[in-house]
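Report on one structure; see the data block that follows.
The values are calculated or read from the model by the stated rules, or taken from the named source; none is laboratory data. Because the structure is predicted, anything quoted here is derived from the model rather than measured. Note: areas computed on protein heavy atoms with side chains; ligands, DNA, RNA excluded. Shrake-Rupley method; radii C 1.70, N 1.55, O 1.52, S 1.80 Å.
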Amino acid sequence: MSMPYEASGRTAQKSRTRQALVQAARDLLGQGETPQVEDAARAAGISRTTAYRYFPNQRSLLLAVHPEISPPACSPRTRPPRCPNASTCS
């Protein structure tokens, strides 16, 4: 059984790197962007390759940024139903 990348050696540095990526993604979201892993890496000053070790895709990055969102809620198949009468919906 393999060990997760972040759990092996130099864990304090890996924790700082992960937090830098999460904070960069939060900052980008605050600017109205939906960041890809590459965007967060660029903003954090971290290589793309390193960023993908922590977050293999955009979904995993966004889940780290907003942990209160459950993984099923991020699925493109799970969208809220459309309101049939937009003027009465809040």
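Picking from R26, R16, which residue would you name as being under 19 Å from E68 (Cα atoms) and open to solvent by 80 Å² or more (accessible area, probe 1.4 Å)?
Working: R16 fails: under 19 Å from E68 (Cα atoms).
Going through R26, R16 in turn, the sole match is R26.
Residues considered: P71, P67. Of these, the only one that is of a type outside the set (A, V, I, L, M, F, W, C) and at pLDDT below 75 is P71.
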